[in-house]
Amino acid sequence: MPWGIRPRGCRAPRYCEDDKFTIRMNHGGSLCDNLYVNGTLDFIDFCDKDQMSMFEIGLMVKELGYDGIVLYHYELPNSASVEKLMSDEDVMKMCECAAAKGKTLKILEQEPVEDVGDFS
């Protein structure tokens, strides 16, 4: 089953496969001191670790109604700190966290920006 945005009010799926997980996508707001504010929350279910990439995350964000340059971060397991999500290598690291986070990963999306500046 391909990934899909969970309709509001529906229950979370139970996964039998080790390669499936849910993304908790915070979007429409901004990240301020590792805290996401003024945004919307959607869940993207049936994500497949073996199929995840920056391109795939871009498709998910496009499905949520965004286009253009978008900055992504993901929350580390058992921590309040976040990491930038900028490459397929970062996506692979994020997917490794799925097991530690109980099959749910949190991605923080920031509004499209004009000047992305320095990513370091």
(request) Tabulate in residue order the Karplus-calculated ³J(HN,Hα) for region 16-30, using 6.51 cos²θ - 1.76 cosθ + 1.60 with θ = phi - 60°, rounded to whole Hz; enter x for Gly and Pro. (result) 8, 8, 6, 8, 9, 7, 10, 9, 8, 9, 8, 8, x, x, 8
(message) So for the chain, if I pair up every lysine 8 or more residues apart or on another chain, how many of those pairs have alpha-carbons under 16 Å apart?
(response) 14
(request) Using only Cα atoms, find the angle between the long axis of helix 88-100 and the longest principal axis of the chain, and express it within 0 to 90 degrees, rounded to the nearest 10. (result) 50 degrees
(message) Please list, ordered by chain and number, the residues whose modelled amide H lies under 5 Å from the amide H of Thr104; skip anything fewer than 5 residues away on the same chain.
(response) Thr22
(request) Note the angle between two axes, namely the Cα long axis of helix 54-63 and the longest principal axis of the Cα atoms of the chain, as a number of degrees from 0 to 90, rounded to the nearest 10. (result) 90 degrees
(request) In whole Hz, with x marking every Gly and Pro, tabulate ³J(HN,Hα) for region 41-46 from phi via Karplus 6.51 cos²θ - 1.76 cosθ + 1.60, θ = phi - 60°. (result) 10, 10, 10, 10, 9, 6
(message) If I stretch the segment between Met92 and Ser30 completely, what's the gain in nm (0.36 nm per residue apart, minus their alpha carbon distance), one decimal?
(response) 19.9 nm
(request) Could you work out how far apart the two model spin labels at Arg11 and Ala80 are, taking each label as a point 7 Å from the Cα in the direction of the beta carbon, and quote it in nm? (result) 3.3 nm
(request) Could you tell me whether region 3-92 comes out rounded, prolate or oblate from its Cα gyration tensor? Rule is a ≥ b ≥ c as square roots of the eigenvalues, rounded for a/c under 1.5, then prolate if a/b exceeds b/c, otherwise oblate. (result) rounded
(message) With a cut-off of 8 Å between alpha carbons and a minimum separation of six or more residues, what is the relative contact order of the chain in percent?
(response) 31 percent
(request) With runs of 4+ DSSP H residues as the only contributors, calculate the mean residue ellipticity of the chain at 222 nm using -39,500 (n - 2.57) per run, divided by the residue total and rounded to the nearest 500. (result) -6000 deg cm²/dmol
(message) Output wanted: per-residue J couplings in Hz (rounded whole) for region 4-9, from phi through Karplus 6.51 cos²θ - 1.76 cosθ + 1.60, θ = phi - 60°, x for Gly and Pro.
(response) x, 6, 5, x, 4, x
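Coordinate-derived values only; no laboratory data. Because the structure is a prediction, the values reported are computed rather than measured. Cβ: placed from backbone, ideal geometry, glycine included. Neighbour counts: every protein chain shown.
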